[in-house]
Amino acid sequence: MTKTSTDANQMGDWQYLGREIRRRTFAPFKSVPFVFYFILAIVVLGGLGIWVEVAKSQLDQNWKVDGLLTALSTFFPALIGSASLQLILKSTDRSDKILISFSLLVCFFSFVGIGIIAAFFSLHPGLCLNAAFGFGILAVWFWWFTNGDDLTYRNAPIDAATGGSTNRAIKGNLNEFKVD
C-alpha cells in the first residue's frame, strides 16, 4: 500500500475502508493454504468448544443451552480481540489510521455485545444465543479480514535475499576481486 492510496485527496476515508473490506473479504479465496488453514485452525480447532456443545446437544436429551452460549461467548471475544490487536499492530507500521479505527470499533462492539448477552441471557435466552452466534460469524470474518493479506498463509515464490528473482542476472562483476 502506498501513501497515496489512503490520501484523502485521492480517495476518501469511507471509500478506502469500503475497498479494503471488499478486497480483504474476497481476495483470500484464491489462496488454498489460507483457506485450508482458516477451516482447520480457526473454524474446527478454534471452535472446538462450540463443536463439543453441538455434539452434546445431539447426544444428550437433558442438554441445556447454557453450555453452547458459554462456548460462543468465550469464542468470539477472544477471536475478535486477538485479530483486532493484530490488525492494529499491522496497520500501525503503515500509519493506517482508518484500519486502526475500524479495528478498535469492531473490538469495542464485540465487548459491548458480550456484556449485553451476559446481562439479558436469563430473560431472552433464544435471542442471546442468536446474537452470540452472529458475533461468532463476525469474529470468524474479522479474523479472515485481518489475516487475508498475511504472506504466512500464501503460496508465494521465494526470492533471494538480494531482493528479486534468483533467475535474473546480478549486476556488476568480480573480475578484479582477489583473495589473499
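Confirm whether Leu72 is more than 12 Å from Phe133 (Cα to Cα), part of a helix (DSSP H, G or I) and in contact (Cβ under 8 Å) with a residue 40 or more places away in the chain.
no
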Show the residue pairs meeting these rules: Cβ distance below 7 Å; 6+ apart or different chains; first residue within the stretch 9-26 and polar (S, T, N, Q); second residue open to solvent by 20 Å² or more (accessible area, probe 1.4 Å).
Gln10/Thr4
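Counting only residues that are touching a residue at least 24 places away in the same chain (Cβ under 8 Å) and of a type in the set (S, T, N, Q), which one in the stretch 83-102 is surrounded by the fewest Cβ atoms within 10 Å (Cβ to Cβ)?
It comes out as Gln86.
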Tally of residues being in contact with a Phe, Trp or Tyr (Cβ under 9 Å, 6 or more places away or on another chain) and outside any helix (DSSP H, G or I) across the stretch 97-132:
0
Quick check, is Ala118 touching a Cys at 6+ places or on another chain (Cβ under 9 Å), of a type outside the set (Val, Ile, Thr) and modelled with pLDDT of 90 or more?
yes
Anything in the stretch 89-116 that is within 21 Å of Leu72 (Cα to Cα) and of a type in the set (Phe, Trp, Tyr)? List them, or say none.
Phe108, Phe109, Phe111
Taking the stretch 92-123 and the residues there that are in contact with a Leu (Cβ under 8 Å, 6 or more places away or on another chain) and of a type in the set (A, V, I, L, M), the one that is nearest to Gly12 (Cα to Cα) would be Ile98
Has the stretch 32-51 got any residue that is open to solvent by 60 Å² or more (accessible area, probe 1.4 Å), over 29 Å from Leu151 (Cβ atoms), outside any helix (DSSP H, G or I) and of a type outside the set (Asp, Glu)?
no
Residue pairs meeting the criteria (Cβ under 6 Å; at least 6 apart or on separate chains; first closer than 16 Å to Gly136 by Cα, in the stretch 27-43; second open to solvent by less than 50 Å² (accessible area, probe 1.4 Å) and at pLDDT 95 or above)
Ile42/Trp143
Exactly one of (1) hydroxyl-bearing (Ser, Thr, Tyr); (2) modelled with pLDDT of 95 or more; (3) farther than 24 Å from Gly136 by Cβ is unmet by Thr4. Its number?
(2)
Among residues of the stretch 121-132 being open to solvent by 30 Å² or more (accessible area, probe 1.4 Å) and touching a helix residue (DSSP H, G or I) at 6+ places or on another chain (Cβ under 6 Å), the residue farthest from Arg23 (Cα to Cα) is Phe121
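Which is part of a helix (DSSP H, G or I), modelled with pLDDT under 90 and farther than 21 Å from Thr74 by Cβ, of Thr162, Thr166, Thr152? It would help to see each step written out before you state the result.
Numbers: Thr162 fails: part of a helix (DSSP H, G or I); Thr166 fails: part of a helix (DSSP H, G or I).
Every option except Thr152 fails the conditions.
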Regarding Phe109, is this residue closer than 29 Å to Gly18 by Cα, aromatic (Phe, Trp, Tyr) and either without any contact (Cβ under 8 Å) to a residue 40 or more places away in the chain or open to solvent by 40 Å² or more (accessible area, probe 1.4 Å) (or both)?
yes
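The values are calculated or read from the model by the stated rules, or taken from the named source; none is laboratory data. From a predicted model like this one, the values you see are computed outputs, not experimental measurements. For neighbour counting, all protein chains shown are included, and Cβ atoms are generated from backbone atoms with ideal geometry for every residue, glycine included. Areas reflect the complete protein model, heavy atoms only, side chains present, ligands, DNA and RNA absent. Shrake-Rupley method; radii C 1.70, N 1.55, O 1.52, S 1.80 Å.
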